[in-house]
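Report on the following structure.
Please treat every number below as a calculation from the coordinates, not as lab data. These numbers come from a predicted model, not from an experiment. We place every Cβ from the backbone using ideal geometry, glycine too, and count neighbours over all the protein chains shown.
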Amino acid sequence: RAYNFNAGPAALPLTVLERAQAEFVDFRESGMSIMEMSHRGAIYESVHNEAQERLLSLLGNPKGYKVLFVQGGASTQFAMIPMNLISEGQVGSYVMTGSWADKAFKEAKLVGGAHVAASSEDKKFVAIPELSSIKAADNAAYLHVTSNETIEGTQFAEFPDAGSIPLIADMSSDILCRPIDVNQFGMIYAGAQKNLGPSGVTVVIAKEELLAESPSNIPTIMRYSTHYKNNSLYNTPPSFSVYMVNEVLKWIEEQGGLAGIQSKNLEKAGLLYDHIDGSDGFYSGVAEKSSRSIMNVTFRMQSEELEKRFVKAAELEGFVGLKGHRSVGGLRASIYNAVPYESVKALSDFMNHFRQTQG
Ligand code: PLP
């Protein structure tokens, strides 16, 4: 297997892939693959419901929350959130932390109205704004944060208090990487393709009161209430992706739940950041230390030429996905839940070797 540091779609646990392989052709002795089954049948529905229950269970079974499985990626949520939640005269307040926050903000601007609650643009998004500087607008329908900026490599260590309005978090690139208190949030959403499974399904975990009633002047499929009232079976769900999410969730349980996953993630991120910090400037971290992501480790070298050589040499050794996002350059190792410690150790050894030979 490759050392897969892709930012998304990203590595999946090997045991999950193997389990899926074993039941790929004949699921639960049905004589069919799960992707050939009716989504209205008992077998698929049991998987669908199990995945929802398992997700809530991993999150501590918060009361009054519902899980939706929708399509269109997190990018569709950028539009659905303002379409559903902003009323006449209101805006969405956004914490501007980087590329993904900006995309979410721009959609809200098109649909309802958007306000900047705080921004780290003056720091080129290498830090998360101070929590005390985050102020939602008086007419805000919600406060939106991007818990982990996949491109810049920053992550909220703690979340702002949104007061009486819902706090909404795009957790596409760090969902289930650590324990969180779901009760702080009105809504959490994430495209599956980093920490949850394959692409094709987007998970929304929200307080039922935000989902139960939606404006009737938006298309049916774009209303949260449509998915809520139909248990995410209004139309054909991405059934194979949902099944895979359920398998990934089982795997997370086997890792000791979110506390177990967090300690492994801290170990992996610590290894890389310690290496970067101890490299006498040969490698340098992009994000400020207090805002560093444990999912996307972004770093630079002294020249772009050296970075190119690094990526090339790494590829020859079986390392995939280390080039930084095209919008910011540099290097990035995405070390999501499923990336094994051994891969990260191999990368750290490779970085060491590269420094010894090229430095
Ligand atoms: N939000 C974050 C933080 C992301 O990292 C990404 C994708 O990388 C997205 C949103 C967009 O997700 P999707 O491709 O599912 O629309």
Q) Taking θ as phi - 60°, what are the ³J(HN,Hα) couplings along the range 31-37 by the Karplus curve (6.51, -1.76, 1.60), each to the nearest whole Hz, with x for Gly and Pro? A) x, 9, 6, 4, 7, 9, 8
(Q) Using +1 at the C-beta of Lys and Arg and -1 at the C-beta of Asp and Glu, which of Pro237, Phe354, Ala287 has the Cα lying farthest in the positive direction of the dipole of the chain? (A) Phe354
Q: Tell me what the chain gives for mean residue ellipticity at 222 nm when only DSSP H runs of n ≥ 4 count, each as -39,500 (n - 2.57), the sum divided by the residue total, rounded to 500 deg cm²/dmol.
A: -11500 deg cm²/dmol
Q.
Rounded to the nearest 5, what % of DSSP beta bridges with both residues in the chain are antiparallel?
A. 55
Q. Pick from Glu29, Glu149, Glu247: which residue has the top mean-square fluctuation in a GNM of the chain where Cα pairs under 10 Å get a spring?
A. Glu29
Q: For Ser119, list long-range residues whose amide hydrogen, built 1.01 Å from N in the peptide plane, is under 5 Å from its own amide hydrogen.
A: Met96
Q: Note down the magnitude of the dipole of the range 14-254 about its Cα centre, charges +1 on Lys and Arg C-beta and -1 on Asp and Glu C-beta and zero elsewhere, to the nearest 20 debye.
A: 360
Q: Could you pull out every residue, at least 5 positions away or on a different chain, whose amide H is within less than 5 Å of the one on Val297? Hs are placed 1.01 Å off N in the peptide plane, and Pro or chain starts have none.
A: Ala333, Ser334, Ile335
Q.
Can you compute 3J(HN,Hα) from phi for each residue in the range 219-227, using the Karplus curve 6.51 cos²θ - 1.76 cosθ + 1.60 with θ = phi - 60°, rounded to whole Hz and x for Gly and Pro?
A. x, 3, 5, 8, 8, 4, 4, 4, 6
Q) Which ³J(HN,Hα) values in Hz, rounded to whole numbers, follow from the phi angles of the range 132-147 under the Karplus curve 6.51 cos²θ - 1.76 cosθ + 1.60, where θ = phi - 60° and Gly and Pro get x? A) 5, 8, 8, 10, 6, 5, 4, 9, 6, 7, 6, 10, 10, 10, 10, 4
Q) What is the fewest-to-most order of Met187, Met83 by other Cβ atoms lying within 10 Å of their Cβ? A) Met83, Met187
Q. Roughly how many Å is it from the Cα centre of the range 99-127 to that of the range 207-270, as a whole number?
A. 24
Q. GNM on the chain, C-alpha springs below 10 Å: top fluctuator among Pro219, Pro179, Pro62?
A. Pro219
Q: For every other residue with a beta carbon closer than 12 angstrom to the beta carbon of Val126, add +1 if it is Lys or Arg and -1 if Asp or Glu, then tell me the sum.
A: 0
Q | Cα radius of gyration and Dmax for the range 14-254 (Å) | A | 18.1, 59
Q. By per-residue mean of other Cβ atoms within 10 Å, what is the highest-first order of 36-45, 279-288?
A. 279-288, 36-45
Q) Given Lys124/Lys289; Lys109/Lys194; Lys109/Lys135; Lys194/Lys323; Lys123/Lys323; Lys264/Lys345, which pairs have Cα atoms separated by over 20 Å? A) Lys109/Lys194; Lys123/Lys323
Q: Select from Glu253, Glu317, Glu307 the residue whose mean-square fluctuation is largest in a Gaussian network model of the chain (Cα-Cα springs shorter than 10 Å).
A: Glu317
Q. So, counting K/R as plus one and D/E as minus one, what does the shell of residues with Cβ under 12 Å around His115 add up to?
A. +1
Q) What is the sum of charges around Ser33, taking Lys and Arg as +1, Asp and Glu as -1, for the other residues whose C-beta is under 15 Å from the C-beta of Ser33? A) -3
Q) Of the listed peptides 189-196, 69-76, what is their order by residue-averaged count of other C-beta atoms within 10 Å, with the highest listed first? A) 189-196, 69-76
Q) So how do Arg54, Arg292 line up by other beta-carbon neighbours within 10 Å, fewest first? A) Arg54, Arg292
Q: Give me the distance between the Cα centres of the range 275-322 and the range 1-80, rounded to whole Å.
A: 32
